[in-house]
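The values are calculated or read from the model by the stated rules, or taken from the named source; none is laboratory data. As the structure is a computational prediction, the values presented were derived from the model and not from experiment. Here the Cβ is made from the backbone with ideal geometry for all residues, glycine too, and neighbour counts use every protein chain on show.
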Amino acid sequence: MLFDLDLYLLRHGDSGKRMAVAAGGNTGDVPLTIVGREEIAIIARSVKALNLRFSAIVTSPLKRAVQTAKIVAKVLAIENRISVWNDLVPEGNRSKIYNRLNQYTRDSNVLIIGHEPYLSNMMYDIIFQKNRVNQLGRISLKKAGLAKIRVISLTPNISGELRWLLTPRILKLLEKGSSKSKSSAANKKKEKVGGTDKG
C-alpha cells in the first residue's frame, strides 16, 4: 500500500561551529549566529512563498536546530506544531525516526530539522534503501538547504523518492522574487485606488 508522506528535510542555519572549532571553544550545542538567524528567516519566507504547509515540524534537540524550527514556525504561524525528537542529533538512531513517522497519516507533510551528515544519510536510506557509505555518489544538504522526499512505504523498510533539493541560494532568490512581486502588486493596487490607473 502506498503511504505518500512528504518529508521536508531542512538543515539548520549557520551556527559558527567552524569558528568555534578553530578557536578551540565549545563545538557541541552551539546556537545560531545572527547571520544564521537572518538566513533562516529568509528561508522561512521562501517556504511561505512556495505555499508549503506542514502538518508538523520535528527537530533535533540541539540549540541551532530548535532555533531554526522556531523561526520557521513563527513565519508560518504554526508554533504549536513543533516536536523535539532526541534521535535527530548527529549520532542519533535513524531507524527510530522512521518508526516514529508511523504516527503521521497518509498525505501528511512533515518538516524535519537537523544536521549533516545525518540528513543526507536519511535521504540515502529512503531513496536507495541503503546507507550513503555504500554509494558512489553523494547528496549534500547545505546549511539552510531544503529537500523534499516522498515516502511511499514505511514497511518493511522505508522507501521513497527525492522530489527536489533546493540550495539556500535558490531559496533566497525565490524569497527575493516573491517580495518583488508582492511589492509590485501592492503598488498597482495603490495606483488603482489613487485613480492613476489609465486602463
Taking only pairs six or more apart or across chains, which ones have beta-carbon atoms under 7 Å, a first residue in the range 94-112 that is closer than 13 Å to V58 by Cα and among the basic types (K, R), and a second residue that is modelled with pLDDT of 95 or more and in a loop (DSSP other than H, G, I, E, B)? R100/W85
Residue set K143, K130; condition surrounded by 11 or more Cβ atoms within 10 Å (Cβ to Cβ), closer than 30 Å to S15 by Cα and modelled with pLDDT of 85 or more; output residue K143
Which of the following residues is under 16 Å from H12 (Cβ atoms) and of a type in the set (D, E): E79, E116? E116
May I ask you to list the residues in the range 25-46 that are in a helix (DSSP H, G or I) and either among the hydrophobic types (A, V, I, L, M, F, W, C) or without any contact (Cβ under 8 Å) to a residue 60 or more places away in the chain (or both)? I34, V35, R37, E38, I40, A41, I42, I43, A44
Find the residue count for the range 47-67, including only residues that are in contact with a Ser or Thr (Cβ under 7 Å, 6 or more places away or on another chain) and either part of a loop (DSSP other than H, G, I, E, B) or in contact (Cβ under 8 Å) with a residue 60 or more places away in the chain (or both). 2
Of a type in the set (S, T, N, Q) and either at pLDDT 95 or above or assigned to a helix (DSSP H, G or I) (or both): is that true of S179 in this structure? yes
Sort out which residues of the range 102-121 are surrounded by 18 or more Cβ atoms within 10 Å (Cβ to Cβ) and modelled with pLDDT of 95 or more, and write them in order of number. V110, L111, I112, I113, G114, H115, Y118, L119
How many residues of the range 73-91 are under 15 Å from Y118 (Cβ atoms), in a loop (DSSP other than H, G, I, E, B) and out of contact with any Gly (no Cβ under 9 Å at 6 or more places or on another chain)? The answer is 1
If I filter the range 68-101 down to residues being surrounded by fewer than 15 Cβ atoms within 10 Å (Cβ to Cβ) and of a type in the set (G, A, S), which single residue comes out as farthest from the chain's Cα centre (by Cα)? S95
